[in-house]
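Before any comments, here is the structure.
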Amino acid sequence: MPDVIDHRPRPRADAPSSPRIKRDPAPSRLKYRLERMWLTPLYRRLLRVGVPAFLIAMTAGLWLSDEDRRATLTGGVTALIDKVQSREEFQVRMMTVEGASPVVDKALRAMLPVDLPASSFDIDLPALRLQVMQLDAIESIDLRVKPGGILSAVVTEREPALLWRHARGIEILDEGGHRVAGVTSREVRPDLPLIAGDGADLASAEALELIDAAGPILPRLRGLVRRGERRWDVVLNHGQRIMLPEDGAVIALEAAIALDRAQDMLGRDVTTVDLRDPSRPVLRLGIDARNTIRQARGKPLLGPDGNILEDEKKGG
Amino acid sequence: MAELYQTQRAMRNMRRAALQRGVIGILDIGTSKIACLVLKFDGTGTFRETDGVGPMAGQANFRVIGAASTRSRGMRRGEIETMAETERAIRTVVTAAQKLAGVRVDHVIACLSGGRPASYGLAGEIVLESGKVGEHDVASVLAACDAPDFGRGREVLHAQPVNFAVDNRSGLADPRDHVGNKLACDMHVLTVDGDMLGNLVQCIRRCDLELAGIASASYASARASLVEDEQELGAACIDFGGGGTSVSIFVKKHMIFSDHVQIGGALVTQDIAQGLRVPLPMAERLKTLNGGVEATGRDDRDMIEVGGDTGDWEADRRLVSRADVIGVMRPRIEEILENVRQVLDAAGFDFMPSQQIVLTGGGSQIPGLDGLAARILGPNIRCGRPLRIDGLAHQLTDPSFSSAVGLALFAAHPQDEWWDFEMPAEAYPARSLRRAYRWFRNNW
């Protein structure tokens, strides 16, 4: 115990009884006004959006005002784009063509606008496809860039079904009547049936049906002729012709074939079988047949042009 | 009175403009604290049925979005003593409330607690020429009230028509279109000291705020703490403030009397400081934490340390019992209540149909006050808390904020005042074209 007891007051730790005088903060007039100004919506928007936007725009504008910097920037961007596009992963090295004949294959490869290998960004597939579809021989094409840098073209070619002779030459048509190619002469494709006449290509489906229906007389068939863009004539050899109606041409042709089978109609001297009115078939006889009849009846004979011959005995 | 008419009208227009903007500030400048509420109005009543609060007596078209209170400075007895200090306090509290609300407050409604209010009951009577009460007749009867000489430098704070009578039918709230020969009205006028009002206006102006309305603090606290039935049937509201105690009497939803007793909680604190020889902050602390009006045996043994920084060990280690604190406080509170009794007697409160008394204000939180008040004022006593308004934080719902809440209600739904009616045609200057127009409109 110390000799002298210190009775002086010392600060107590708990000190509950001396209430702390609170600080009395009051904003100065300036601070008060600034705070009120900050709470004004216009100022707030101006400072929060307007000023940063203006600063960014001004910095960018100042920096871009120099010609060299602009050139550097655009050059850099272009170089970057080039660098990405000419990466190994985007290179197209070869082109494969499936389902095309050698001629079409060659034409396709010639149509590719760039030389391989090229970047796949340089090949505009939709445009190329549209360009390829201009070729008549191609019905559809599926173009795609396959992994491994292969430009694959899967081609469906049009099937030649008919030959169409018209004023400007001979063309090969497919089943739908679409042009496949032009040929110089009939002998190039002797396997295809021939049609002729204006608007024959528009009725090619009916023509094919008629040719299918003409089974027994097919060896004699020379071709079909479209008349008045309306109906068909079946032209056989020996100058015989079957005129078919506009509606029900196949049925009429089958009726004619049935007549032929039953009575050998086409083996006789008949130049024309007129079936244009199905209820009233008409036969036009040849000159020899008519002369035979006329002779039997004692009438003057007819010449090859159909006129009555002057009797040589009388005239001579 | 024409000049007053103009200024009050201007304040009403300002209030309407503030409501249009949707934000209005409430500034309750008291002697011990300043409170600021920021109200957000919506015309459509979207703020309804939130967290289980019902329509709240039709007061639901606004909500509190920012609230702050701070210690008051430069105020004494409800009046501004040091303008610069009060201005600082207003700046502090407005800044804090604005920060909380996130919007700028431009229009405020303030209240004045001191300023020696005096209330007058005026009566006026006119003969109805048309045999029917029209709009202009209401204005004429209000203008016909014979005003006494209010005294030099007095300003009218409230002038509310309390009652209308047509012939012998009295007690009409709205006399328009009644048929009769005579229209009489009673008007309650509250005047305050004009200089005090001017100081308050000046203080608010210096804070860049526009005054959109001004009300008496006693009126505002009564509107907040009297329930609707009490306002209708008649009740007195006693607001124990820091600088004074204000009394207001309501009947039929109108204030008919208001007065102010200039003894308040600050004087109680001063008594404790003098009687127990402790500094004022300590005295305030003793009053709020350990105060009371009824001493019990236990309070004698309840010793409280009153510290000090005098350096004198004996003085700094003193203990006072709670009974000592109560013994100092009680006579002063009795004095306040007796003064209130005198005011009520002078107002004729004994002849009122209902003797309900509501205690509110910060001083009403003294434990045992209602028991003491019941002995002095009358049996029907209750401690009132302000009406609940939307968005007000819980710590701001105690009785000391009743005048702030009342001001919010005043801002939302002001009662009709004399200047809300059209000025009668006779009061207009002769040059006015409008007079001719009105004459035409009234006669055809």
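Per-residue answers, yes or no, for (1) of a type in the set (A, V, I, L, M, F, W, C); (2) surrounded by fewer than 10 Cβ atoms within 10 Å (Cβ to Cβ):
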residue	(1), (2)
A:Ala57	yes, no
A:Gly61	no, yes
A:Asp82	no, no
A:Glu98	no, no
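Out of all the residues in region B:321-354, which are of a type outside the set (A, V, I, L, M) and over 18 Å from B:Ile263 (Cα atoms)? Steps first, please.
Looking only at region B:321-354, we keep the residues that are of a type outside the set (A, V, I, L, M), and these are B:321-322, B:324, B:327, B:330-332, B:334-335, B:338-339, B:341-342, B:345, B:348-351, B:353-354.
Hits for region B:321-354 are B:Ser321, B:Arg322, B:Asp324, B:Gly348, B:Phe349, B:Asp350, B:Phe351, B:Pro353, B:Ser354.
Going through region A:100-111 one residue at a time, which ones are out of contact with any helix residue (DSSP H, G or I) (no Cβ under 7 Å at 6 or more places or on another chain) and surrounded by 11 or more Cβ atoms within 10 Å (Cβ to Cβ)? Step through it out loud before you land on a result.
Step one: list which residues in region A:100-111 are out of contact with any helix residue (DSSP H, G or I) (no Cβ under 7 Å at 6 or more places or on another chain), which gives A:101-107, A:109-110.
Residues satisfying the conditions are A:Ser101, A:Val103, A:Val104, A:Asp105, A:Lys106, A:Ala107, A:Arg109.
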Selected residue (criterion: surrounded by the fewest Cβ atoms within 10 Å (Cβ to Cβ)) from residues of region A:112-144 that are more than 19 Å from the chain's Cα centre (by Cα) and of a type in the set (A, V, I, L, M, F, W, C)
A:Val114
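One line per residue, one yes/no per condition, for (1) under 26 Å from B:Leu396 (Cβ atoms); (2) hydrophobic (A, V, I, L, M, F, W, C); (3) not in a strand (DSSP E or B):
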| site | (1), (2), (3) |
| --- | --- |
| B:Thr86 | yes, no, yes |
| B:Leu100 | yes, yes, yes |
| B:Val103 | yes, yes, yes |
| B:Arg116 | no, no, yes |
| B:Gly121 | no, no, no |
| B:Leu142 | no, yes, yes |
| B:Ala147 | no, yes, yes |
| B:Arg152 | no, no, yes |
(1) over 30 Å from B:Arg9 (Cβ atoms); (2) touching a Leu at 6+ places or on another chain (Cβ under 8 Å) all hold for B:Trp419 apart from (1)
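Pull up region B:112-146, narrow it to residues that are among the hydrophobic types (A, V, I, L, M, F, W, C) and closer than 30 Å to B:Ile263 by Cα, then point me to the one that is surrounded by the fewest Cβ atoms within 10 Å (Cβ to Cβ). Outline the logic, then answer.
Filtering region B:112-146 down to residues among the hydrophobic types (A, V, I, L, M, F, W, C) leaves B:112, B:118, B:122-123, B:126-128, B:133, B:138-139, B:141-145.
In the following step, the residues that additionally are closer than 30 Å to B:Ile263 by Cα were identified as B:112, B:118, B:122.
Numbers: B:Leu112: 25, B:Ala118: 17, B:Leu122: 19.
Selected residue: B:Ala118.
B:Ala315: assigned to a helix (DSSP H, G or I), within 14 Å of another protein chain (Cβ to nearest Cβ) and either of a type outside the set (S, T, N, Q) or surrounded by fewer than 16 Cβ atoms within 10 Å (Cβ to Cβ) (or both), yes or no?
Values: assigned to a helix (DSSP H, G or I): yes; within 14 Å of another protein chain (Cβ to nearest Cβ): yes; either of a type outside the set (S, T, N, Q) or surrounded by fewer than 16 Cβ atoms within 10 Å (Cβ to Cβ) (or both): yes.
Criteria met by B:Ala315.
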Quick one: which of B:Leu387, B:Leu337, B:Leu407, B:Leu372 is aliphatic (A, V, I, L, M) and either more than 22 Å from B:Ser221 (Cβ to Cβ) or in a loop (DSSP other than H, G, I, E, B) (or both)?
B:Leu387
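Being at pLDDT below 90, away from chain A (no Cβ under 11 Å) and either crowded, with 20+ Cβ neighbours inside 10 Å or farther than 30 Å from B:Pro161 by Cβ (or both) is true for just one of B:Val53, B:Val103, B:Val23. Which residue is that?
Just a single option satisfies the conditions, and that option is B:Val53.
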Does region B:248-261 include one or more residues that are free of Cβ contacts under 8 Å to residues at least 60 places away in the same chain, within 15 Å of the chain's Cα centre (by Cα) and either in a strand (DSSP E or B) or more than 21 Å from B:Ala412 (Cα to Cα) (or both)?
yes
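Scanning region B:278-299 for residues that are more than 19 Å from B:Gly363 (Cα to Cα) and either touching a residue at least 40 places away in the same chain (Cβ under 8 Å) or within 14 Å of chain A (Cβ to nearest Cβ) (or both), which turns out surrounded by the fewest Cβ atoms within 10 Å (Cβ to Cβ)?
We begin by selecting, within region B:278-299, every residue more than 19 Å from B:Gly363 (Cα to Cα); these are B:278-279, B:296-299.
Subsequent filtering for residues that are either touching a residue at least 40 places away in the same chain (Cβ under 8 Å) or within 14 Å of chain A (Cβ to nearest Cβ) (or both) retains B:278-279.
On the way: B:Val278: 24, B:Pro279: 17.
The extreme case among them is B:Pro279.
This table checks each residue for (1) of a type in the set (Val, Ile, Thr); (2) over 20 Å from B:Glu334 (Cβ atoms); (3) within 19 Å of the chain's Cα centre (by Cα); (4) surrounded by 24 or more Cβ atoms within 10 Å (Cβ to Cβ).
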position	(1), (2), (3), (4)
B:Tyr219	no, yes, yes, yes
B:Arg223	no, yes, yes, yes
B:Gly234	no, yes, yes, no
B:Ile238	yes, no, yes, yes
Could you pull out the residue among B:Phe62, B:Phe150 that is within 22 Å of B:Ser248 (Cα to Cα) and either at pLDDT 85 or above or within 25 Å of the chain's Cα centre (by Cα) (or both)?
B:Phe150
Among the residues of region B:300-310, how many are at the interface with chain A (Cβ under 7 Å from one of its Cβ atoms) and loosely packed, with under 12 Cβ neighbours inside 10 Å?
1
In the set B:Ala224, B:Ala273, B:Ala220, B:Ala266, which member is part of a helix (DSSP H, G or I) and without any contact (Cβ under 8 Å) to a residue 12 or more places away in the chain?
B:Ala273
Residue that is nearest to the chain's Cα centre (by Cα), among those in region B:319-345 that are touching a residue at least 40 places away in the same chain (Cβ under 8 Å) and within 14 Å of another protein chain (Cβ to nearest Cβ)
B:Val325
Based on what the data block shows, is A:Val270 touching a residue at least 24 places away in the same chain (Cβ under 8 Å) and over 47 Å from the mean Cα position of the chain (by Cα)?
yes
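The values are calculated or read from the model by the stated rules, or taken from the named source; none is laboratory data. Just so it is clear, the structure is predicted and the values come from calculations on it, not from any experiment. When we count neighbours, we look across all protein chains shown, and the Cβ atoms used for this are built from the backbone with ideal geometry, even at glycine.
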